[in-house]
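What follows is a short report on a single structure.
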Amino acid sequence: MADVTLRIPTPLQPYAGGRGQIALQADSVDELLSQVASDYPPLVQRIRTRDGQLRPYVNVFVRRTDIRQLDGLSTSLSDGDEVIVMPSVAGG
Amino acid sequence: MRVPRIRLPAGALRTIRELGETAWPHEACGLLEGIGGPGVLVRVARALPCRNVHATPSVRYTIDPEDFLRAEHEARARGLMIVGTWHSHPHGDARPSATDLAEAWPGWSYVIAGVTNARMQSLRCWRLVDERFAEQPIAGNSGEVHSR
């Protein structure tokens, strides 16, 4: 499996025990999120819907590209990849 | 819970004022780069402009996720972090709306500029405390914005 890093921006850090990044081994974004869910369920609840889809107002970037422009949650990961979860910043 | 103060440098205030007035009657928005943490003074280094990509920019804002990503990378490269966000209310009220509350993240500072007729009238900052907004005092700022 690939050695990758999940980067967590400040708005989501309270749901990840205050951590800004987590080192993991995973071959796809889906696999990475499943691993994170076991340690930080509140974090992944804010990223995925109950049926496992990406929430509409969350963007996940791999190699600085939105995974919606790649293979979605099936996007494959390679050694050294950085996965960044960017929540929506919005209001009125 | 006591809300820690936030320090906004003159350059950040100028950016928020200029972009808030220029974007009127639409909402301007951006991010706050600096340092902070639970219970400590939040020190803003700069207010970053971002694109408002919401389809109804007169009453809503959504920061372009690409701008957010870029800001995160830049802040990290500078040894800083994104500590909050700012946006303008073109109707002149610097208090958070119900939409602001629904979309807010804990631990972030929310600076709001009240702009009326393309002139910033007030600037206030807010932070979530127990799922409600509490005002975060701006160091050295009374909330009223004086004319230039």
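The values are calculated or read from the model by the stated rules, or taken from the named source; none is laboratory data. Keep in mind that what you see is a predicted model, and the values were worked out from it rather than measured. Methodologically, a virtual Cβ is constructed for each residue, glycine included, from the backbone with ideal geometry; neighbour enumeration extends over all protein chains shown. Areas reflect the complete protein model, heavy atoms only, side chains present, ligands, DNA and RNA absent. Shrake-Rupley method; radii C 1.70, N 1.55, O 1.52, S 1.80 Å.
Among the residues of region A:51-62, are any part of a loop (DSSP other than H, G, I, E, B) and hydrophobic (A, V, I, L, M, F, W, C)? So far as region A:51-62 goes, no, none of its residues is part of a loop (DSSP other than H, G, I, E, B) and hydrophobic (A, V, I, L, M, F, W, C).
Note on region A:24-52: residues that are free of Cβ contacts under 8 Å to residues at least 12 places away in the same chain and in contact with an Asp or Glu (Cβ under 7 Å, 6 or more places away or on another chain) amount to 0.
In the set (1) assigned to a loop (DSSP other than H, G, I, E, B); (2) away from every other protein chain (no Cβ under 14 Å), the condition left unmet by A:LEU73 is number (1). For region A:2-29, a residue qualifies if it is modelled with pLDDT of 95 or more and open to solvent by 60 Å² or more (accessible area, probe 1.4 Å), and the qualifying residues are A:ASP3, A:ALA23, A:GLN25, A:ASP27.
I'd like the residue in region B:1-23 that is part of a helix (DSSP H, G or I) and of a type in the set (Val, Ile, Thr) and, out of all such residues, is surrounded by the fewest Cβ atoms within 10 Å (Cβ to Cβ). Filtering region B:1-23 for residues that are part of a helix (DSSP H, G or I) and of a type in the set (Val, Ile, Thr), the one surrounded by the fewest Cβ atoms within 10 Å (Cβ to Cβ) comes out as B:THR22. The residue that is farthest from A:ALA16 (Cα to Cα), among those in region B:125-136 that are part of a strand (DSSP E or B) and within 14 Å of another protein chain (Cβ to nearest Cβ), is B:CYS125. Do we find a residue being within 13 Å of chain A (Cβ to nearest Cβ), closer than 28 Å to A:PRO42 by Cβ, modelled with pLDDT of 95 or more and touching a helix residue (DSSP H, G or I) at 6+ places or on another chain (Cβ under 7 Å) anywhere in region B:95-108? Checking region B:95-108: not a single residue is within 13 Å of chain A (Cβ to nearest Cβ), closer than 28 Å to A:PRO42 by Cβ, modelled with pLDDT of 95 or more and touching a helix residue (DSSP H, G or I) at 6+ places or on another chain (Cβ under 7 Å).
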